[in-house]
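Peer 1: Quick one: structure below, then a few questions.
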Amino acid sequence: MSARPTACAVIIPAHNEAATLPATLRSLKAAAAHRAVPGVPLVTVVAADACTDGTAAVARRVGARVVELARRNVGVARAAAAEEALRLLRPYEHGLWIATTDADTVVPADWLAHQLRHAEEGWECLVGTVRLTPHPLLHPAVVAKHNAQYFAGRPADSVLWTHPHIHGANLGVTAAAYRAAGGFPPLAHSEDRALVAALQRQHRRILRTDRCPVLTSSRPDHRAPHGLGAALNILARAPGDRPDSRD
């Protein structure tokens, strides 16, 4: 059954992201101002995890809510941000949509409109895709290898691509489905995959779409030990390998 979302939360885990977080938050502000976003309560929560820089201060300056913790665990951080969002928007929890991205990612202007439109259609989870931002230390040959793997099997009409990827940088879920699935588990990596797997086991309505990709960092000094940056480094070192780059 479709239901118009009554509120929206954007959650962002961050570990020493004072340099990249401003661009993320600016893009979210533009997405929130999109003409197709319904006039619903919206909060952005940043989980500043084991930060030794100005990440928390940067987030507060632009009006984001901040949860500070010292776990150095992305699953714990993402869950802490979600719990704070659920607390802040408790009166709207029945119709709350939780969107999640990363602190080194820029979302397009229609990102929230895209997610909320599909929430209104009755989808309980949206699993999106990413594109790499250029980086001076990332060789074009590595980008080409990554793209060959990432887009393998994509049909000519990419709109119809039910892709295999899962990214915490481009994910959305209803609060009800999130609660029922147990939320983000306390994993140092792959917490996004674990949540989607739990939703699949519960036969939730999950939309995998390439319609609204986000731009994510291709920096070599990555934060996640098993994430996209690590996979790119493996590609650069071992041209014959096919690392898993879905995080």
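Peer 1: Specify which of the listed residues (Leu235, Leu195) is at pLDDT below 95, buried (at least 19 other Cβ atoms within 10 Å of the Cβ) and not in a loop (DSSP other than H, G, I, E, B).
Peer 2: On the way: Leu195 fails: at pLDDT below 95.
Selected residue: Leu235, the only one of Leu235, Leu195 that is at pLDDT below 95, buried (at least 19 other Cβ atoms within 10 Å of the Cβ) and not in a loop (DSSP other than H, G, I, E, B).
Peer 1: Going through segment 129-152 one residue at a time, which ones are among the small types (Gly, Ala, Ser) and part of a helix (DSSP H, G or I)?
Peer 2: Correct list: Ala141, Ala144, Ala148.
Peer 1: Let me ask another. Mind checking which residues of segment 14-55 are of a type in the set (D, E, K, R) and within 20 Å of Ala82 (Cβ to Cβ)?
Peer 2: Glu17, Asp49
Peer 1: All but one of (1) open to solvent by 50 Å² or more (accessible area, probe 1.4 Å); (2) among the β-branched types (Val, Ile, Thr); (3) within 30 Å of Arg72 (Cβ to Cβ) hold for Ile206, so report the exception by its number.
Peer 2: (1)
Peer 1: Let me ask another. So Ala103 passes all but one of these: (1) open to solvent by 40 Å² or more (accessible area, probe 1.4 Å); (2) touching an Asp or Glu at 6+ places or on another chain (Cβ under 7 Å). Which condition number does it fail?
Peer 2: Here Ala103 clears every test but (1).
Peer 1: May I pose another question? What do you reckon, is Arg90 over 26 Å from Ser190 (Cβ atoms) and either out of contact with any Cys (no Cβ under 8 Å at 6 or more places or on another chain) or open to solvent by less than 40 Å² (accessible area, probe 1.4 Å) (or both)?
Peer 2: Against the criterion (over 26 Å from Ser190 (Cβ atoms) and either out of contact with any Cys (no Cβ under 8 Å at 6 or more places or on another chain) or open to solvent by less than 40 Å² (accessible area, probe 1.4 Å) (or both)), Arg90 qualifies.
Peer 1: Right, here's the next one. Any chance segment 38-51 includes a residue that's free of Cβ contacts under 8 Å to residues at least 60 places away in the same chain, over 22 Å from Ala175 (Cα atoms) and surrounded by fewer than 21 Cβ atoms within 10 Å (Cβ to Cβ)?
Peer 2: yes
Peer 1: List pairs: first in segment 3-32 and open to solvent by less than 20 Å² (accessible area, probe 1.4 Å), second basic (Lys, Arg), Cβ under 7 Å, 6+ apart or cross-chain?
Peer 2: Within 7 Å, the pairs are Ile11/Arg78; Pro13/Arg78.
Peer 1: Quickly run through segment 126-142 and pick out the residues that are of a type outside the set (S, T, N, Q) and under 21 Å from the mean Cα position of the chain (by Cα).
Peer 2: Initially, segment 126-142 is screened for residues of a type outside the set (S, T, N, Q), giving 126-128, 130-132, 134-142.
Selection gives Leu126, Val127, Gly128, Val130, Arg131, Leu132, Pro134, His135.
Peer 1: Let me ask another. Can you find even one residue in segment 126-142 that is free of Cβ contacts under 8 Å to residues at least 12 places away in the same chain and either closer than 16 Å to Leu207 by Cβ or touching a Phe, Trp or Tyr at 6+ places or on another chain (Cβ under 9 Å) (or both)?
Peer 2: So far as segment 126-142 goes, no, none of its residues is free of Cβ contacts under 8 Å to residues at least 12 places away in the same chain and either closer than 16 Å to Leu207 by Cβ or touching a Phe, Trp or Tyr at 6+ places or on another chain (Cβ under 9 Å) (or both).
Peer 1: As an exercise: evaluate Leu126 against (1) among the hydrophobic types (A, V, I, L, M, F, W, C); (2) in a helix (DSSP H, G or I); (3) in contact with a helix residue (DSSP H, G or I) (Cβ under 6 Å, 6 or more places away or on another chain) and give the number of the one condition it does not meet.
Peer 2: Here Leu126 meets the rest and fails (2).
Peer 1: Here's a follow-up. If you scan segment 153-185, which residues turn out to be in contact with a Lys or Arg (Cβ under 8 Å, 6 or more places away or on another chain), part of a loop (DSSP other than H, G, I, E, B) and open to solvent by 40 Å² or more (accessible area, probe 1.4 Å)?
Peer 2: Answer for segment 153-185, where residues must be in contact with a Lys or Arg (Cβ under 8 Å, 6 or more places away or on another chain), part of a loop (DSSP other than H, G, I, E, B) and open to solvent by 40 Å² or more (accessible area, probe 1.4 Å): Thr162, Pro164.
Peer 1: If the requirement is being in a helix (DSSP H, G or I) and modelled with pLDDT of 95 or more, which of these qualifies: Ala47, Ala30, Ala18, Ala9?
Peer 2: Ala30
Peer 1: Another question, then. Can you confirm whether segment 60-73 contains a residue that is open to solvent by less than 20 Å² (accessible area, probe 1.4 Å), assigned to a loop (DSSP other than H, G, I, E, B) and of a type in the set (S, T, N, Q)?
Peer 2: Residues of segment 60-73 that are open to solvent by less than 20 Å² (accessible area, probe 1.4 Å), as a first pass: 64.
From what's left, assigned to a loop (DSSP other than H, G, I, E, B): 64.
Applying the additional criterion that residues be of a type in the set (S, T, N, Q) yields none.
No - not one qualifying residue is present in segment 60-73.
Peer 1: Taking Glu83, is it assigned to a helix (DSSP H, G or I) and open to solvent by 20 Å² or more (accessible area, probe 1.4 Å)?
Peer 2: yes
Peer 1: Which condition number in (1) at pLDDT 95 or above; (2) open to solvent by less than 60 Å² (accessible area, probe 1.4 Å) is the one that Asp110 fails?
Peer 2: Condition not satisfied by Asp110: (2).
The values are calculated or read from the model by the stated rules, or taken from the named source; none is laboratory data. Treat the numbers as computed from the prediction; the structure is a model and nothing was measured. Because the Cβ atoms are built from the backbone with ideal geometry, glycine has one as well, and the counts that use them run over all protein chains shown. The area values use the complete protein model at the heavy-atom level, side chains included, leaving out ligands, DNA and RNA. Shrake-Rupley method; radii C 1.70, N 1.55, O 1.52, S 1.80 Å.
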